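Participant: Provided herewith is a single structure, encoded as structure tokens, for subsequent inquiry.
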Amino acid sequence: MIPLGRHRRTELFTAYRQVLIDTGADVRGSDQNSLLLRLLDGEEALARLGDELPQVRTRENQLRSALVERRTSLIAELATCRTQLASLKSTGPCSLIAVVRPHDVERVVSGTRHVSQDDNAH
């Protein structure tokens, strides 16, 4: 006997299942036909899951790669933030205040960016 291809086997199972249903077999019963119906339903479900598995694995790999890329990006961003924080700590709080003066902020907001002579004296 030659083994059937998967597609042909599914066609035969589907046809046989329909015959069982047409003859009144009940999937909840314990007779041979009812057990065969449950088996055939299980075979169909298993085949569908087998077809979906490669797609699920592909999506899983895509998500894993995206997570690795995001993690790498966050690690780099954290390193940059730590470097900036260390730089700010080394300048001390007084020099930070000297860097950003309230009237400088007002000029940037108002659009007047030139520095007057008395500003250079500070």
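The values are calculated or read from the model by the stated rules, or taken from the named source; none is laboratory data. Everything quoted here is computed from the prediction, not taken from an experiment. Cβ atoms come from the backbone with ideal geometry, glycine included; neighbour counts cover every protein chain shown. Surface areas here come from the heavy atoms of the whole protein model, side chains and all, with no ligands, DNA or RNA. Shrake-Rupley method; radii C 1.70, N 1.55, O 1.52, S 1.80 Å.
Participant: Accessible surface of residue 11 in the full protein assembly, 1.4 angstrom probe, to the nearest 10 Å²?
Facilitator: Near enough 80 Å² of accessible area.
Participant: Read phi for every residue in the range 60-68 and hand back ³J(HN,Hα) as whole Hz from Karplus 6.51 cos²θ - 1.76 cosθ + 1.60, θ = phi - 60°, with x for Gly and Pro.
Facilitator: 4, 5, 4, 5, 4, 4, 4, 5, 5
Participant: Which length gain, in nm to one decimal place, applies between residue 53 and residue 74 when the Cα-Cα distance is subtracted from 0.36 nm times their residue separation?
Facilitator: Values: separation 21, 0.36 × 21 = 7.56 nm, distance 3.12 nm.
Full-extension gain reported as 4.4 nm.
Participant: Which is farthest toward the positive dipole end of the range 1-59 among 33, 7, 19, measuring Cα position about the Cα centre, with Cβ charges +1 (Lys, Arg) and -1 (Asp, Glu)?
Facilitator: 7
Participant: Using the Karplus curve 6.51 cos²θ - 1.76 cosθ + 1.60 with θ = phi - 60°, what ³J(HN,Hα) values do you get for each residue of the range 6-13, in whole Hz, with x for Gly and Pro?
Facilitator: 3J(HN,Hα) across the range 6-13, in whole Hz: 4, 5, 5, 4, 4, 4, 5, 4.
Participant: Quick check on the range 27-75: take the gyration tensor over C-alpha atoms, sort the square-rooted eigenvalues as a ≥ b ≥ c, and tell me if it's rounded (a/c under 1.5), prolate or oblate.
Facilitator: prolate
Participant: Once you order the gyration tensor axes a ≥ b ≥ c over the Cα atoms, which shape class does the range 1-86 get: rounded for a/c under 1.5, otherwise prolate or oblate by comparing a/b with b/c?
Facilitator: Details: a/c = 7.28, a/b = 3.58, b/c = 2.03.
It comes out prolate by the Cα gyration axes.
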